[in-house]
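Asks: Input: one structure, supplied below.
The values are calculated or read from the model by the stated rules, or taken from the named source; none is laboratory data. On a predicted model such as this, the values are computed, not experimentally measured, just so you know. Cβ: placed from backbone, ideal geometry, glycine included. Neighbour counts: every protein chain shown.
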Amino acid sequence: MLDAEPLIYGTVIIMTVMVVGADDTDVDFGDATGMVLGPMVATAVAHLFSSWLGYVNSHHHMPDGADRRHLLWHSAHFLLLTVVPLIIIGLGRVSGLWSAYGALDTISDLAFLFLLVLGAASGWHSSKRKWHGAILGGLVAIVVGLIVTVLKVVLEH
């Protein structure tokens, strides 16, 4: 089962990297691939390391098989977030229909939409009043997305 927590903050990381890195219009497809993979691999490894240490600290022993699988799967969510962006980058490179900069812009827009869906779905599942939770979760996701968008505008000027 997918966990919303790493998906939400992983999406915000991707959005932030796209905002900061896509400021340069001279980006090529190799740079774009690195901008997607680099932060997510680093975040997955850091998350696994910190989760593992947290487990050992609270349980006073190394994780067993089931707990290891849980920790690995929870950290792998960050790597799952790279699939769609890498497909967009790959299709752009192979087809020539869009530039690397266009791919990064599309990835940023899709990340915003994905954040909205994650926020609404999380609100739906966590609330007794499903529609209220979905609306509130979606609104909070929009606010987070707008903060990243404002960051983009500030960095561009």
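Residue by residue, here is whether (1) in a helix (DSSP H, G or I); (2) closer than 25 Å to residue 144 by Cβ; (3) among the aromatic types (Phe, Trp, Tyr); (4) free of Cβ contacts under 8 Å to residues at least 40 places away in the same chain holds:
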| site | (1), (2), (3), (4) |
| --- | --- |
| 15 | yes, yes, no, no |
| 36 | yes, yes, no, no |
| 40 | yes, yes, no, no |
| 44 | yes, yes, no, yes |
| 47 | yes, yes, no, no |
| 61 | no, no, no, yes |
| 75 | yes, yes, no, no |
| 85 | yes, yes, no, no |
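Asks: Let me ask something else about it. Taking into account only those residues within region 129-157 that are among the charged types (D, E, K, R) and at pLDDT 90 or above, which is nearest to residue 19 (Cα to Cα)?
Replies: Per the criteria, the residue is 130.
Asks: Please work out which residue is nearest to residue 107 (Cα to Cα), limiting yourself to region 1-12 and to residues that are of a type in the set (A, V, I, L, M, F, W, C) and in contact (Cβ under 8 Å) with a residue 40 or more places away in the chain.
Replies: Out of the qualifying residues, it is 12.
Asks: I'd like the full set of residues that are surrounded by fewer than 17 Cβ atoms within 10 Å (Cβ to Cβ) and assigned to a helix (DSSP H, G or I), limited to region 87-105.
Replies: 87, 90, 91, 94, 95, 102, 105
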